[in-house]
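Below is one structure, written out as structure tokens; comments come after it.
What follows draws every value from the coordinates through simple rules; no lab data is involved. Remember, it's a predicted structure, so these values are computed and weren't measured experimentally. Every residue, glycine as well, gets a Cβ built from its backbone with ideal geometry; the counts of neighbours run over all protein chains shown.
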Amino acid sequence: MAVQQAPYQLLERDGMFEIRYYEPLILAISPETDLSGSSGFGRLFNFISGDNRDRRKIAMTAPVLNDLGQQQLTIAFVMPHEYQAGTVPQPKDPAVRIREVPARKVAAVVFKGNATPRAIARQRAALLEWLEQRHLETIGPIELARYNPPFIPGIFKRNELWVELKATAE
């Protein structure tokens, strides 16, 4: 079964690095305890399974995002394309919040395998080095984007690190 993915326009590709343009995204966000998704993932899954004020089921999408730059780790589900900021059902759980992310340009590094702290650190360093070589400035934290369920073997998993790029005069 195909899962809807956050759409983007590919602006540039350089090996495992990409520059993309994303239209605004609507996210359901929860605090998370660790990258295994032991607490926040369950809250978000309950939310899309109908534990919301409208009792409406919401399709699962990809990627699942972790904001790696905050003191409190968060996990976010991207809402399907048909939802706008005012049309997403309101969560019952006060730990789940809805947020609109404005359109943005991001740099991404694509990698396979399990998103372990070691793999993330290695890919983060590679992405930041690539950005520095290209004299590209970033805004905000790095995000981990995961596209596969946990039961998929690591060699088949697709992961990415994203960071927003500072707008430049064109």
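In a simple Cβ point-charge model (Lys, Arg +1; Asp, Glu -1; nothing else charged), the chain has a dipole of about 480 debye relative to its Cα centre. If exposed means no more than 16 neighbouring beta carbons inside 10 Å and the site is in a DSSP loop, what's the longest run of the chain without any exposed trypsin sites (Lys or Arg not before Pro)? Counting at most 16 other Cβ atoms within 10 Å as exposed, the longest clean stretch of the chain is 1-52. Placing pseudo-labels 7 Å out from each Cα toward the beta carbon at Glu132 and Arg13 gives an inter-label distance of 2.7 nm.
Taking all Cα pairs closer than 8 Å and separated by 6 or more residues, the relative contact order of the stretch 30-70 comes to 24 percent.
When you restrict to C-alpha pairs under 8 Å that are six or more residues apart and normalise by the size of the chain, the relative contact order lands at 25 percent.
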